[in-house]
Amino acid sequence: MDKNLFDKIKNDIVENQVWKAIFRHGYEDTPRNRVLMVTANVFLHLHPAKVRRHGVRMRFTWCMGGLTFFMYLVTVVTGIYLMFYYRPVAEYAYADMKYLEFDMPFGMLMRNMHRWSAHAMIVFVWLHMFRVFLTGSYKPPREFNWIVGVLLLVLTLLLSFTGYLLPWDQLSIWAVTVGSNMARATPLLGNEGPFADFVGANPIYDARAFLFGGGEIGPHTLLRFYILHCIFIPMVASILMAVHFWRIRRDGFSGPSL
Amino acid sequence: MAEAAKEKKLPIDDKVHTWPHLVRLEFLVALFVMVALTLWSITIDAPLEEPANPTRTPNPSKAPWYFLGLQEMLVYFDPWHAGVVLPSLIIVGLMVIPFIDINPKGNGYYCFKERKYEILTFIFGFHILWVVMIIIGTFFRGPGWNLFWPWQRWDPHKVVALTNVDLPYLLGFRDYWISAVFSLIVIGAYFVITIAGFYWWVLRVKGQEFMERWGMVRFTITAVLVALMLSLPAKMFLRLVFNVKYILVTPWINI
Ligand code: HEM
């Protein structure tokens, strides 16, 4: 296209009273403005104003940390949509899933997106850890951020696991039963674990019962997992993510020394 | 680091503005992933089976796929070990990595030669032990947690002979106390040999000077973690080749 024509169209759009009323003045591409775009914006302020060139390359980060965070945001948004229609009560939970799938506008799509982004988050967080390992980015001064990362990895898995129960169908209760049965075998604290007798752990008073809110999986478990899934773990994970991002800014992004 | 680079007035400043260079890339990647995720979600529905029924156990009952590595370990170890001790050790083991790895090289760039063993260990633990176990658990396990090929029909009545025996029994020990003492010796010997072997290997590959810098604490933690990590393939080998069920059998714990 003719460069002049393009400029003329742009001028027509920008140089009039309505546009000026909304945006006041144009964005001038100066170094100062570039820095301000980042430092004056509460969200972009997660970044430093300048980054080293190699750290921007996808080859280096695989974008995996960022995408893990992005997947987390997608699950938060779609999850809130699902929460409007879902009741964590054994009598209703399954019916609400059906209702959501067949009657709610975009219900099925929101459910699918919630599910698949959660799975993607797990894959991405594993790849992110692998990348951080390969670039040796856990070495001083970033040791602590690696630890925060491991905690985030565990929380990511627990988020997915607690959510797995909520549809209250055959798949979910049995998968969660199998997954939680391990707790029953905890040494000392689980009723089938080694040395349980010394502590007095029994089926209704042991590590698994604490997780389930009772001797076996049931309505109390559903409520417990719902609260863990929708409130407790997201809250802890958000705090740790804030720490994670803060430390990346503090320690600077890893890279070969100049 | 950023501050250091600034102070020393390094010859090349390779910094670029976050806006637009990084923000632009983030935006495009997020957009692309969002489109892919939306297409995926339109075409493939999340599963929803029949309502929960605590009285009907499906066969097989599988944990969510990301935990199938743990469930697969249950074949080789009892739940207290495979389900509680080993996962905790995985988490702790990951957390101590920055403290036991004192190699200053390879910080912030890709390289293989400068940290060959670190990378190979990680790939062994993560890709071979964790990912492969998940793949086996997901695609190769059917009813009764028996092995099936992915294309094979799941036959719930498949008969698999239970030929596994305990190691002391296999070797001819029948008395409980003798078996137990023998088992403890085997397990002790396993740790002594792997840890001593690891010590010898570090000395040979890295040298005396490295060992002193590394220190006994770091060495011990690393050696114990390595021995525990190798105990999984070791037990798998004993099971698959010699049909060994347990190495140690006591009224409280079996290993
Ligand atoms: C919810 C999970 C996580 C989120 C949202 C997250 C997010 C991020 C982001 C956005 C970055 C910036 C660089 C990049 O994109 O690669 C980063 C860097 C980093 N992450 Fe994570 N991360 C998570 C989990 C982890 C895990 C599991 C580990 C390690 C076990 C880890 C260790 C690190 C380290 C050490 C850095 C600094 C890398 C460097 O300076 O090169 N993070 N993380």
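The values are calculated or read from the model by the stated rules, or taken from the named source; none is laboratory data. This structure is a prediction, so every number in the text was calculated from the model and none was measured. Note that each Cβ is placed from the backbone with ideal geometry, even for glycine, and that neighbours are counted across all protein chains shown. Surface areas here come from the heavy atoms of the whole protein model, side chains and all, with no ligands, DNA or RNA. Shrake-Rupley method; radii C 1.70, N 1.55, O 1.52, S 1.80 Å.
Only residues that are surrounded by 15 or more Cβ atoms within 10 Å (Cβ to Cβ), assigned to a helix (DSSP H, G or I) and away from the ligand (no atom under 11 Å from the Cβ): list them for segment B:84-112, please. Of everything in segment B:84-112, those that are surrounded by 15 or more Cβ atoms within 10 Å (Cβ to Cβ), assigned to a helix (DSSP H, G or I) and away from the ligand (no atom under 11 Å from the Cβ) turn out to be B:Val84, B:Val85, B:Leu86, B:Pro87, B:Leu89, B:Ile90, B:Gly93, B:Val96, B:Phe99, B:Ile100.
For the structure I just gave you, tell me whether A:Gly215 is within 14 Å of another protein chain (Cβ to nearest Cβ), modelled with pLDDT under 95 and more than 30 Å from A:Pro187 (Cβ to Cβ). Give the steps one after another, and end with the answer.
Working: within 14 Å of another protein chain (Cβ to nearest Cβ): yes; modelled with pLDDT under 95: yes; more than 30 Å from A:Pro187 (Cβ to Cβ): no.
Spelling it out, it is not the case that A:Gly215 is within 14 Å of another protein chain (Cβ to nearest Cβ), modelled with pLDDT under 95 and more than 30 Å from A:Pro187 (Cβ to Cβ).
You will find that of B:Ala46, B:Ala36, the residue that is at the interface with another protein chain (Cβ under 7 Å from one of its Cβ atoms) and open to solvent by less than 90 Å² (accessible area, probe 1.4 Å) is B:Ala46 and no other.
Selection of first residues in segment A:96-114 that are free of Cβ contacts under 8 Å to residues at least 12 places away in the same chain and of second residues that are of a type in the set (Phe, Trp, Tyr), restricted to Cβ pairs under 7 Å at least 6 apart or on distinct chains, gives the following pairs, ordered by first then second residue: A:Asp96/A:Tyr85; A:Asp96/A:Tyr86. For residues that are surrounded by 15 or more Cβ atoms within 10 Å (Cβ to Cβ) and of a type in the set (Gly, Ala, Ser), scanning just segment A:78-111, find the one that is nearest to B:Leu48 (Cα to Cα). Applying the filter and picking the extreme gives A:Ala93. Of all the listed residues (A:Phe70, A:Phe84), the sole one being within 13 Å of chain B (Cβ to nearest Cβ) and among the hydrophobic types (A, V, I, L, M, F, W, C) is A:Phe70.
Checked against (1) surrounded by fewer than 19 Cβ atoms within 10 Å (Cβ to Cβ); (2) within 12 Å of the ligand (Cβ to nearest atom), A:Phe124 meets all criteria but (1). I'm checking my understanding of the structure. Among residues of segment A:153-181 that are outside any helix (DSSP H, G or I) and not hydrophobic (A, V, I, L, M, F, W, C), which one is surrounded by the most Cβ atoms within 10 Å (Cβ to Cβ)? So the residue we want is A:Pro167.
Going through segment A:195-248 one residue at a time, which ones are assigned to a loop (DSSP other than H, G, I, E, B) and either among the charged types (D, E, K, R) or closer than 21 Å to A:Val178 by Cβ (or both)? Show your work before the answer.
As a first pass, look at segment A:195-248 and keep what is assigned to a loop (DSSP other than H, G, I, E, B): A:195, A:200-201, A:203-204, A:206, A:213-218.
Of everything in segment A:195-248, those that are assigned to a loop (DSSP other than H, G, I, E, B) and either among the charged types (D, E, K, R) or closer than 21 Å to A:Val178 by Cβ (or both) turn out to be A:Ala201, A:Pro203, A:Ile204, A:Asp206, A:Gly213, A:Gly214, A:Gly215, A:Glu216, A:Ile217, A:Gly218.
If you go through segment A:203-240 and keep only what is within 16 Å of the ligand (Cβ to nearest atom) and either within 22 Å of A:Lys139 (Cβ to Cβ) or without any contact (Cβ under 8 Å) to a residue 40 or more places away in the chain (or both), you end up with A:Phe232, A:Met235, A:Ser238, A:Ile239, A:Leu240.
Taking segment A:239-258 as the search range and keeping residues that are open to solvent by 80 Å² or more (accessible area, probe 1.4 Å) and within 13 Å of chain B (Cβ to nearest Cβ), which one is farthest from A:Met64 (Cα to Cα)? Filtering segment A:239-258 for residues that are open to solvent by 80 Å² or more (accessible area, probe 1.4 Å) and within 13 Å of chain B (Cβ to nearest Cβ), the one farthest from A:Met64 (Cα to Cα) comes out as A:Leu258. Scanning segment A:41-91 for residues that are assigned to a helix (DSSP H, G or I), more than 8 Å from the ligand (Cβ to nearest atom) and at pLDDT 95 or above yields a count of 13.
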